[in-house]
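Undergrad: Got a structure for you, questions after.
The values are calculated or read from the model by the stated rules, or taken from the named source; none is laboratory data. This is a predicted model, so every value here is computed, not measured. Because the Cβ atoms are built from the backbone with ideal geometry, glycine has one as well, and the counts that use them run over all protein chains shown.
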């Protein structure tokens, strides 16, 4: 299955605000039910195991409502791991009221070097072309102290079939269009490892596969 890069409606400035809100709520349910939250939880738990830290400051890039790290954080409190989360999104209306957040470009993060323990993103990597993804990883590593965490889809024909089967669970027609586009433009684990290995200041890359065609990547910051 070849990668096909098609712009998603939710990324467009032409997406009606109410439709965007409905689609973001669809994403919240998909992340809770189909591996999004659990993948990020596993990545943060791994970071805690390696570093010995129990509290992390987290920058959530392309956050949308920011539900993935917050739900993962609620589950991690049972293990004594706590998160201090800042959301970042380029679209003001995507940010959830009551959350700490700001509007900015993910490719030029408005923070000093080492501002956060972890920089995390969920369902963002597939929106970027290979050179953009490598550049984002380098920028995210600059802002992080420990690692960059990436939670994304795996491109696979069966995954595409599952999106069609899940249309009944989606309340927004934008979610259906974008769901198909997301799988078609997603990367395979081999592809994303090759792309991220070129990121500056990366010490080590860990990649794991998770429930329903999700992959989790940890790009560790070179501590030297």
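Undergrad: Which members of region 30-65 meet the condition of being modelled with pLDDT under 95 and farther than 16 Å from residue 151 by Cβ?
TA: The answer is none; no residue qualifies.
Undergrad: Among the residues of region 140-184, which ones are part of a helix (DSSP H, G or I), in contact with a helix residue (DSSP H, G or I) (Cβ under 7 Å, 6 or more places away or on another chain) and buried (at least 21 other Cβ atoms within 10 Å of the Cβ)?
TA: 163, 174, 175, 178, 179, 182, 183 - these are the residues of region 140-184 that are part of a helix (DSSP H, G or I), in contact with a helix residue (DSSP H, G or I) (Cβ under 7 Å, 6 or more places away or on another chain) and buried (at least 21 other Cβ atoms within 10 Å of the Cβ).
Undergrad: Right, another one. Look through 60, 19, 45 and report the one residue that is surrounded by fewer than 17 Cβ atoms within 10 Å (Cβ to Cβ), touching a helix residue (DSSP H, G or I) at 6+ places or on another chain (Cβ under 7 Å) and over 25 Å from residue 160 (Cα atoms).
TA: Result of the check over 60, 19, 45: 45.
Undergrad: Among the residues of region 74-110, write down those that are in contact with a strand residue (DSSP E or B) (Cβ under 6 Å, 6 or more places away or on another chain) and without any contact (Cβ under 8 Å) to a residue 12 or more places away in the chain.
TA: 92
Undergrad: If I filter region 66-110 down to residues being modelled with pLDDT of 95 or more, more than 17 Å from the chain's Cα centre (by Cα) and assigned to a loop (DSSP other than H, G, I, E, B), which single residue comes out as surrounded by the fewest Cβ atoms within 10 Å (Cβ to Cβ)?
TA: Going through the qualifying residues, I end up with 80.
Undergrad: Kindly indicate whether any position in region 165-180 is in contact with a strand residue (DSSP E or B) (Cβ under 9 Å, 6 or more places away or on another chain) and modelled with pLDDT of 95 or more.
TA: Checking region 165-180: not a single residue is in contact with a strand residue (DSSP E or B) (Cβ under 9 Å, 6 or more places away or on another chain) and modelled with pLDDT of 95 or more.
Undergrad: From the residues in region 7-24 that are over 17 Å from residue 95 (Cβ atoms) and part of a loop (DSSP other than H, G, I, E, B), which one is modelled with the highest pLDDT?
TA: 8
Undergrad: Return yes when residue 216 is crowded, with 18+ Cβ neighbours inside 10 Å, out of contact with any strand residue (DSSP E or B) (no Cβ under 7 Å at 6 or more places or on another chain), under 16 Å from residue 36 (Cβ atoms) and at pLDDT 95 or above and no when it is not. Before the answer, list the steps.
TA: Numbers: crowded, with 18+ Cβ neighbours inside 10 Å: yes; out of contact with any strand residue (DSSP E or B) (no Cβ under 7 Å at 6 or more places or on another chain): no; under 16 Å from residue 36 (Cβ atoms): yes; at pLDDT 95 or above: yes.
Taking the combined requirement at face value, the residue does not satisfy it.
Undergrad: Residues to consider are 133, 118; find the one that is assigned to a strand (DSSP E or B), in contact (Cβ under 8 Å) with a residue 12 or more places away in the chain, buried (at least 22 other Cβ atoms within 10 Å of the Cβ) and within 15 Å of the chain's Cα centre (by Cα).
TA: 118
Undergrad: For the condition in contact with a strand residue (DSSP E or B) (Cβ under 7 Å, 6 or more places away or on another chain) and at negative phi, what is the one hit in 58, 37, 50, 4?
TA: 58
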